[in-house]
Amino acid sequence: MEKARKRTKIEIEAEILAEAREEATKTHLVYTCNLNFQVIRPHLQELLDAELLEQIGAKYKITRRGIRYMIAYKVLDGIRRGSKLTNVFSEELEA
């Protein structure tokens, strides 16, 4: 049996942002992102400080800046994984 790979900080924060497309409570984020309250706290603070996430009362929601970040993350992750979707720029790279 193969050992599960540990998620990177960026992967965890991208997952939090993806779950916060709709307003989400901290409890919802903890359960859907498979974290605990102690672990999620610094990630939420960093996302709030970077203005990628906003807090609305007891809920969190991705910001426009966070959406732009997620688009860039998905493109870079696709390149890392060799996705054909991100190979649309291959002609410019070959020139």
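Read-outs: derived from the displayed coordinates by stated rules, not from any lab. Every value quoted in this text rests on a predicted model; they were computed, and no experiment measured them. Please note: Cβ atoms are built from the backbone with ideal geometry, for glycine as well, and neighbour counts cover all protein chains shown.
Here are some notes:
- For the range 1-17 versus the range 38-58, the gap between their alpha-carbon centres in whole angstrom: 18 Å
- Sites Glu2 and Arg64 - FRET efficiency at Förster radius 41 Å, r taken between beta-carbons, to 0.05: 0.60
- Across the alpha-carbon atoms of the range 1-49, the computed radius of gyration and Dmax are 11.3, 40 angstrom.
- Computed from Cα atoms, the angle from the helix 9-19 axis to the main principal axis of the chain rounds to 70 degrees.
- Here the 3J(HN,Hα) profile of the range 64-69, calculated from phi with Karplus coefficients 6.51, -1.76 and 1.60 at θ = phi - 60°, is 4, 4, x, 5, 4, 4 Hz, Gly and Pro shown as x.
- Both the radius of gyration and Dmax for the chain are 15.6, 51 Å, in that order, over alpha-carbon atoms.
- Dipole-positive endmost among Ile71, Phe37, Leu52 within the chain (Cβ charges, Cα centre): Phe37
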